[in-house]
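Asker: Dumping the structure here so I can ask a few things about it.
The values are calculated or read from the model by the stated rules, or taken from the named source; none is laboratory data. The model shown is predicted, which means the values in this text are computed figures rather than measured ones. Here the Cβ is made from the backbone with ideal geometry for all residues, glycine too, and neighbour counts use every protein chain on show.
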């Protein structure tokens, strides 16, 4: 293959639509400095940002709601072409006694008396009224199925449904066109089923699954499909998002994701996970995927309902405290371009392949996806090795693809989203598909498409 250039990165304001979102959470706890993130994020091409609304910061004194801090975040994002979407929560010490942390993280207003609940709903109304025209999507609460974010009682899907119903109604009373969402940490099927049964059809417009794993493919397809079925059989027609998830570039000792002994992760592992994460979600038809997080949350200790972490895992695409760019910053910038526009699954493609020199077990594990970007085909493949092994790219991949009813590839190129390099496939045979031998195969997705699909520089 001959390198012909690099994928051109576009700033966020030049991308009209994309499934790529970034986590801009935890600013109610000042865990990173947003001022050092706005410009790099605007340059990245990322189109959406998940922002937490921080009731405790907006209403420090009873009856005095001030959105100045949240205005600053929203306006800085919008000025750079990034569309914020809200995660609405958490509690407020001004209305809640004996909360376990200073911003009442995880403290549910249902359990602190009538005055607190009325104040919460008033906050939701004022939030929608104030940000109407700037924010359209409101996700109610965060990870309601976890003890750390549903306090002081145990997680209860019927109670969560009640919170969604009354909060969504308050928001829509001021912003009728608002889209209302929900999320859970683990999407346990029994919890989701009971929540779905407790909600009326139309109360939810989108539902966010969360994913933190070492192996992004393991069980994810089945989980997404079953969650979709749960909502459909309970009369809900909604969009599915991956609303929060990722993989850190550094693990603290004893981290719950149990990294392999003597493996503290790396920037490469994080970026490889990210690439596999987004491509898999695109192939599953998820409308949006939000990678956690913008920057390592190291400015202050990370407080949850009943626990504090002094130095959390390094989930950011920017390094904590110094705000330099990690490899995952560059890969998400390429994903923002690669997954821009209208991305659809291509169900009419036949994708035959062979991996020379590999065992049959390894060969059958090859992941391959056929997608459309604005009507043009993308053929994606990779070897799903253990990310912690950091395997080098191999050669010897052969493919034979037939696709009817789509715009044919005339000038095939291969895009490496980890490096951004673009290669001409001069030896490939094209017609109603693509045939090629001796291609590279990596532990992350490689993409074959027509040269005209993206800008190359």
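Asker: Looking at 199, 163, 209, 240, which is the one that is within 19 Å of the chain's Cα centre (by Cα) and farther than 30 Å from residue 320 by Cβ? Lay out the reasoning, then the answer.
Answerer: Values: 199 fails: within 19 Å of the chain's Cα centre (by Cα); 163 fails: within 19 Å of the chain's Cα centre (by Cα); 209 fails: farther than 30 Å from residue 320 by Cβ.
Checking each option against the conditions leaves just 240.
Asker: While we're here: Mind counting the residues in segment 267-288 that are surrounded by 19 or more Cβ atoms within 10 Å (Cβ to Cβ) and part of a loop (DSSP other than H, G, I, E, B)?
Answerer: To start, the set of residues in segment 267-288 that are surrounded by 19 or more Cβ atoms within 10 Å (Cβ to Cβ) comprises 267, 269-283, 286, 288.
Filter once more, keeping what is part of a loop (DSSP other than H, G, I, E, B): 286.
So the answer is 1.
Asker: Any idea which of 91, 42, 81 is in a helix (DSSP H, G or I) and touching a helix residue (DSSP H, G or I) at 6+ places or on another chain (Cβ under 8 Å)? Steps first, answer last, please.
Answerer: Details: 91 fails: in a helix (DSSP H, G or I); 81 fails: in a helix (DSSP H, G or I).
Answer to the selection: 42.
Asker: Just for segment 391-421: of the residues that are touching a helix residue (DSSP H, G or I) at 6+ places or on another chain (Cβ under 8 Å) and under 23 Å from residue 367 (Cβ atoms), which one is surrounded by the most Cβ atoms within 10 Å (Cβ to Cβ)?
Answerer: Once the filter is applied, the top-ranked residue is 417.
Asker: Could you grab me the full set of residues in segment 45-66 that are in a loop (DSSP other than H, G, I, E, B) and either outside the structural domain of residue 132 (by TED's automatic domain parsing) or surrounded by 20 or more Cβ atoms within 10 Å (Cβ to Cβ) (or both)?
Answerer: Step one: of segment 45-66, the residues in a loop (DSSP other than H, G, I, E, B) are 45-47, 53-54, 59-60, 62-63, 65-66.
Across segment 45-66, the qualifying residues are 45, 46, 47, 53, 54, 59.
Asker: Here's a follow-up. If I filter segment 372-390 down to residues being under 13 Å from residue 448 (Cα atoms) and in contact with a helix residue (DSSP H, G or I) (Cβ under 8 Å, 6 or more places away or on another chain), which single residue comes out as surrounded by the fewest Cβ atoms within 10 Å (Cβ to Cβ)? Show your work before the answer.
Answerer: First pass over segment 372-390, keeping only residues under 13 Å from residue 448 (Cα atoms): 372-373, 376-382.
In the following step, the residues that additionally are in contact with a helix residue (DSSP H, G or I) (Cβ under 8 Å, 6 or more places away or on another chain) were identified as 373, 376, 378, 380, 382.
Details: 373: 21, 376: 17, 378: 25, 380: 23, 382: 24.
Once the filter is applied, the top-ranked residue is 376.
Asker: For segment 190-207, indicate whether the set of residues that are in contact with a strand residue (DSSP E or B) (Cβ under 9 Å, 6 or more places away or on another chain) and under 19 Å from residue 273 (Cβ atoms) is non-empty.
Answerer: No - not one qualifying residue is present in segment 190-207.
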